[in-house]
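The values are calculated or read from the model by the stated rules, or taken from the named source; none is laboratory data. Small disclaimer: the values here were computed from a predicted structure and weren't measured. Every residue, glycine as well, gets a Cβ built from its backbone with ideal geometry; the counts of neighbours run over all protein chains shown.
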């Protein structure tokens, strides 16, 4: 491409395909050549942690660790990790250059963090990831949204059991549920189970009697090996249990004599 322009800036055509180019300037008095290169656009993708991740400190922890992984480009060797306390990255907490595609931050205290990864070339960012938000909190929050509502009368024969529900807790890997009833003036545990869902049905009528039922649920957090490392404070509710007009018929199991 050749064109004549008056003195001033030279406009380079947009959407040039990748390759090496040069600009040649010539006048009656002198000549000049300016080489430049157009490269394919690269991406850097922050894989872990996912945005919105919440890390809960266990009772014996004062700080948390944050593993970070990303997907970059074969053309890039050096990346820059930036951890800030605001989404505009005006208040930088940590900034470091890393080779490879993973890193582990340590010593994070309870607060909100903003993280992104930049691909560097000659110390200049060539691409950057989206910003991910991470929060470190001191303890697992209590369960909320317990259902049935307190003092509600529930006929278990219509629903084939006592259906208990609650809102899921962010960071919880399971829930511990206990069901109590008063027997001879004392509160007796009649059922106790752990579930990964935010609902549980007690369908064994032999465990239940008509009257007030007290149940509690607490969120649990487990490590990768499945060991429970933290529990929230238990939350209780109660319902009035009814078997309807008649108790359910007991299951009859035939006995076969050999």
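The residues of the stretch 88-98 that are closer than 15 Å to residue 128 by Cα and exposed (fewer than 15 other Cβ atoms within 10 Å of the Cβ), listed by number, are 88, 95, 96, 97. Selection within the stretch 207-244: residues that are assigned to a strand (DSSP E or B) and in contact with a helix residue (DSSP H, G or I) (Cβ under 8 Å, 6 or more places away or on another chain). The member of this set that is surrounded by the most Cβ atoms within 10 Å (Cβ to Cβ) is 241. Here is the figure for the stretch 127-154: residues that are assigned to a strand (DSSP E or B) and without any contact (Cβ under 8 Å) to a residue 40 or more places away in the chain total 1. Considering each of 167, 112 in turn, give the residue that is at pLDDT 95 or above and part of a loop (DSSP other than H, G, I, E, B). Answer to the check: 167. Screening residue 140 on (1) more than 19 Å from the chain's Cα centre (by Cα); (2) farther than 12 Å from residue 217 by Cα shows it passes everything except condition (1).
Only one entry in 69, 33 is at pLDDT 75 or above, more than 22 Å from the chain's Cα centre (by Cα) and not in a loop (DSSP other than H, G, I, E, B), namely 33.
Of everything in the stretch 155-164 that is surrounded by fewer than 17 Cβ atoms within 10 Å (Cβ to Cβ) and part of a strand (DSSP E or B), the residue that is nearest to the chain's Cα centre (by Cα) is 163. In this structure, is residue 46 over 14 Å from residue 113 (Cα atoms), buried (at least 16 other Cβ atoms within 10 Å of the Cβ), under 23 Å from the mean Cα position of the chain (by Cα) and at pLDDT 90 or above? Taking the combined requirement at face value, the residue satisfies it. Restricting the first member to the stretch 60-87 and to residues that are surrounded by fewer than 18 Cβ atoms within 10 Å (Cβ to Cβ), and the second to residues that are not in a strand (DSSP E or B), the beta-carbon pairs closer than 6 Å and six or more apart or on different chains are 63/109; 73/42; 85/91.
Quick grid of which residues meet (1) surrounded by 13 or more Cβ atoms within 10 Å (Cβ to Cβ); (2) outside the structural domain of residue 223 (by TED's automatic domain parsing):
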site	(1), (2)
124	no, yes
132	yes, yes
180	yes, no
183	no, no
186	no, no
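Residue under question is residue 90, and the condition is that it be outside any strand (DSSP E or B) and free of Cβ contacts under 8 Å to residues at least 40 places away in the same chain; does it hold? Judged against the criteria, residue 90 is a match.
Every condition in (1) surrounded by 14 or more Cβ atoms within 10 Å (Cβ to Cβ); (2) outside the structural domain of residue 116 (by TED's automatic domain parsing); (3) in contact (Cβ under 8 Å) with a residue 24 or more places away in the chain holds for residue 167 except the one numbered (1). Condition check for residue 223 on (1) closer than 22 Å to residue 56 by Cβ; (2) modelled with pLDDT of 90 or more; (3) touching a strand residue (DSSP E or B) at 6+ places or on another chain (Cβ under 6 Å): one failure, at (2).
Output yes when any residue across the stretch 193-206 is in a loop (DSSP other than H, G, I, E, B), within 28 Å of residue 227 (Cα to Cα) and without any contact (Cβ under 8 Å) to a residue 24 or more places away in the chain, and no when none is. Among the residues of the stretch 193-206, at least one is in a loop (DSSP other than H, G, I, E, B), within 28 Å of residue 227 (Cα to Cα) and without any contact (Cβ under 8 Å) to a residue 24 or more places away in the chain, which makes the answer yes.
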